[in-house]
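> The structure's right below; bear with me while I get my questions together.
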């Protein structure tokens with residue numbers, strides 16, 4: 001990046017905490033609303049019962065001012081509101097938010113955000129192992145002469161069955177495709193199941209949970225992808241940078257109606273019968289895109 | 001003229017209620033007004049649902065408004081709410097018969 005470009009970013013307190021590539025594709029500060037982040041639902045035809053069961057109740061995003069029962073409102077990292085995802089108080093529940101875009105050339109893209117995750121503070125206990133995981137996914141398909149739809153998935157597995165894991169994982173495979181309805185045009189596959197996650201082959205990374213369930217600390221996440229080679233380049237969480245070479249993506253033959261798709265999603269999983277929350281304050285997608 | 005934020009969230013989709021039930025807590029601090037809509041996706045039994053508010057999303061009290069769950073397919077009922085603070089949800093109880101499958105919207109505006 002040119003020094004002059006960096007100086008312009010540094011002059012803007014909203015942007016100075018990011019390291020965007022040459023073109024900012026979107027910058028969502030949730031003080032200005034949901035900015036296109038919406039619920040994820042499975043495909044259907046004729047009736048809602050045709051939705052695959054795992055897709056029927058993915059919980060929707062909301063705007064939160066991070067109000068706690070013991071200390072009142074914390075607000076977001078900058079301003080008042082953050083994007084919040086919440087599960088149900090059931091260990092099989094997921095909260096998901098998705099933003100749907102397309103791309104105009106197959107260059108490099110970079111997602112940056114600030115996040116924190118917590119369980120619902122309905123017990124006076126540390127509860128640091130109640131959130132199972134949170135993650136970020138991309139759902140991308142080539143444009144002209146499309147060969148592949150590919151879905152980079154990355155999650156931070158915090159804990160399983162009360163055991164701390166603290167590892168980043170990627171997902172190389174999705175579940176089988178199912179035909180939906182009778183038109184022959186609709187299929188569905190669930191890609192957020194618990195199966196098939198692979199550890200990023202490095203050490204674990206413990207994050208800043210803090211000392212009670214109502215104290216939130218914001219973390220930095222950056223994910224770099226190459227749309228041309230359809231690969232992770234790298235990702236970074238706070239002070240640790242991970243090489244993308246070992247990371248695999250779900251790959252599917254290109255599908256009708258998805259050309260140039262560039263969807264981005266966040267999700268959160270609970271490991272116990274208690275709500276798990278993921279908060280995201282400002283998301284920036286940038287690219288080396290013509 | 002600036003635009004004001006608005007957002008409609010689907011709190012339940014194709015859900016049939018039986019016995020005691022609540023919708024999930026939904027944060028509403030940014031909004032000044034709300035309408036709950038319930039549309040029946042089929043036929044079923046009735047129930048009266050009450051609006052609840054909360055200081056923390058954990059502990060709840062009745063706001064005072066209530067309305068009926070629709071009982072015939074594609075019928076819609078609603079309830080307007082104002083001055084509700086940081087969280088909203090619905091709570092209710094059915095008699096012996098489950099409700100119709102319903103889709104529940106919370107329509108919020110600044």
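> Looking for whichever is under 30 Å from residue A:123 (Cα atoms) and surrounded by fewer than 17 Cβ atoms within 10 Å (Cβ to Cβ) here; the options are A:281, A:273, A:243, A:239. Which one fits? I'd like the intermediate steps shown before the answer.
Values: A:281 fails: surrounded by fewer than 17 Cβ atoms within 10 Å (Cβ to Cβ); A:243 fails: under 30 Å from residue A:123 (Cα atoms); A:239 fails: under 30 Å from residue A:123 (Cα atoms).
Answer to the selection: A:273.
> A further question on this structure: Can residue A:42 be described as at positive phi and at pLDDT 95 or above?
Criteria not met by residue A:42.
> I'm trying to understand the selection: among the residues of the stretch B:85-96, which are within 14 Å of chain A (Cβ to nearest Cβ) and within 13 Å of the chain's Cα centre (by Cα)? Spell out how you get there, then give the answer.
Looking only at the stretch B:85-96, we keep the residues that are within 14 Å of chain A (Cβ to nearest Cβ), and these are B:85-89.
Selection gives B:87, B:88, B:89.
Conditions (1) closer than 27 Å to residue B:86 by Cβ; (2) surrounded by 15 or more Cβ atoms within 10 Å (Cβ to Cβ); (3) more than 13 Å from every other protein chain (Cβ to nearest Cβ), marked per residue:
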position	(1), (2), (3)
A:8	no, no, yes
A:21	no, yes, yes
A:66	yes, yes, no
A:69	yes, yes, no
A:72	yes, no, no
A:82	yes, yes, no
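> Among the residues of the stretch B:26-57, which ones are within 12 Å of another protein chain (Cβ to nearest Cβ) and either surrounded by fewer than 17 Cβ atoms within 10 Å (Cβ to Cβ) or under 22 Å from residue A:83 (Cβ atoms) (or both)?
Of everything in the stretch B:26-57, those that are within 12 Å of another protein chain (Cβ to nearest Cβ) and either surrounded by fewer than 17 Cβ atoms within 10 Å (Cβ to Cβ) or under 22 Å from residue A:83 (Cβ atoms) (or both) turn out to be B:26, B:27, B:28, B:29, B:30, B:31, B:42, B:54, B:55, B:56, B:57.
> Just to be sure before I move on: is residue A:97 more than 10 Å from chain B (Cβ to nearest Cβ), crowded, with 16+ Cβ neighbours inside 10 Å, modelled with pLDDT of 95 or more and part of a strand (DSSP E or B) in the structure I sent?
Yes; evaluated as a whole, the condition is true for this residue.
> Would you confirm whether or not the stretch B:59-66 contains a residue that is exposed (fewer than 14 other Cβ atoms within 10 Å of the Cβ) and within 10 Å of chain A (Cβ to nearest Cβ)? Lay out the reasoning, then the answer.
Of the stretch B:59-66, the ones exposed (fewer than 14 other Cβ atoms within 10 Å of the Cβ) are B:59, B:61-62, B:64.
Keeping just the survivors that are within 10 Å of chain A (Cβ to nearest Cβ) gives B:59.
Within the stretch B:59-66, one or more residues are exposed (fewer than 14 other Cβ atoms within 10 Å of the Cβ) and within 10 Å of chain A (Cβ to nearest Cβ).
> Scanning the stretch B:10-25 for residues that are surrounded by fewer than 20 Cβ atoms within 10 Å (Cβ to Cβ) and part of a strand (DSSP E or B), which turns out farthest from the other protein chains (Cβ to nearest Cβ)?
The qualifying residue farthest from the other protein chains (Cβ to nearest Cβ) is B:20.
> Criterion first (crowded, with 18+ Cβ neighbours inside 10 Å and over 22 Å from residue A:60 (Cα atoms)) does residue B:72 satisfy it?
Details: crowded, with 18+ Cβ neighbours inside 10 Å: no; over 22 Å from residue A:60 (Cα atoms): yes.
In short, no.
> Can I ask one more? What residue, of A:103, A:177, is modelled with pLDDT of 95 or more, farther than 23 Å from residue A:61 by Cα and buried (at least 18 other Cβ atoms within 10 Å of the Cβ)? Steps first, answer last, please.
Numbers: A:177 fails: buried (at least 18 other Cβ atoms within 10 Å of the Cβ).
Sole residue among the options that is modelled with pLDDT of 95 or more, farther than 23 Å from residue A:61 by Cα and buried (at least 18 other Cβ atoms within 10 Å of the Cβ): A:103.
> To continue, here is another question. Taking the conditions exactly as written (surrounded by fewer than 22 Cβ atoms within 10 Å (Cβ to Cβ), at pLDDT below 95 and either more than 18 Å from residue A:237 (Cβ to Cβ) or within 14 Å of chain B (Cβ to nearest Cβ) (or both)), does residue A:161 satisfy them or not?
Numbers: surrounded by fewer than 22 Cβ atoms within 10 Å (Cβ to Cβ): yes; at pLDDT below 95: no; either more than 18 Å from residue A:237 (Cβ to Cβ) or within 14 Å of chain B (Cβ to nearest Cβ) (or both): yes.
So residue A:161 fails the test.
> Here are the criteria: (1) outside any strand (DSSP E or B); (2) more than 29 Å from residue A:276 (Cβ to Cβ). Tell me which single one residue B:31 does not satisfy.
(2)
> Among residues belonging to the stretch A:23-34 that are in contact (Cβ under 8 Å) with a residue 12 or more places away in the chain and facing chain B (nearest Cβ under 10 Å), point out the one that is farthest from residue A:174 (Cα to Cα).
Just the residues of the stretch A:23-34 that are in contact (Cβ under 8 Å) with a residue 12 or more places away in the chain, to begin with: A:23-31, A:33-34.
Of the ones still in play, those that are also facing chain B (nearest Cβ under 10 Å) are A:30-31, A:33-34.
Values: A:30: 31, A:31: 35, A:33: 32, A:34: 28 Å.
Across the stretch A:23-34, the extreme among qualifying residues is A:31.
> Something else now. Going by the structure shown, is residue A:78 assigned to a loop (DSSP other than H, G, I, E, B) and within 13 Å of chain B (Cβ to nearest Cβ)? Spell out the reasoning first.
Working: assigned to a loop (DSSP other than H, G, I, E, B): yes; within 13 Å of chain B (Cβ to nearest Cβ): no.
No: the conditions fail for residue A:78.
> Quick one: is residue A:50 touching a residue at least 12 places away in the same chain (Cβ under 8 Å), more than 25 Å from residue A:183 (Cβ to Cβ) and within 14 Å of chain B (Cβ to nearest Cβ)? Write out each step before concluding.
On the way: touching a residue at least 12 places away in the same chain (Cβ under 8 Å): yes; more than 25 Å from residue A:183 (Cβ to Cβ): no; within 14 Å of chain B (Cβ to nearest Cβ): yes.
So residue A:50 does not fit the description; no.
The values are calculated or read from the model by the stated rules, or taken from the named source; none is laboratory data. Please read all numbers here as calculations on a predicted model, not as lab measurements. Cβ atoms come from the backbone with ideal geometry, glycine included; neighbour counts cover every protein chain shown.
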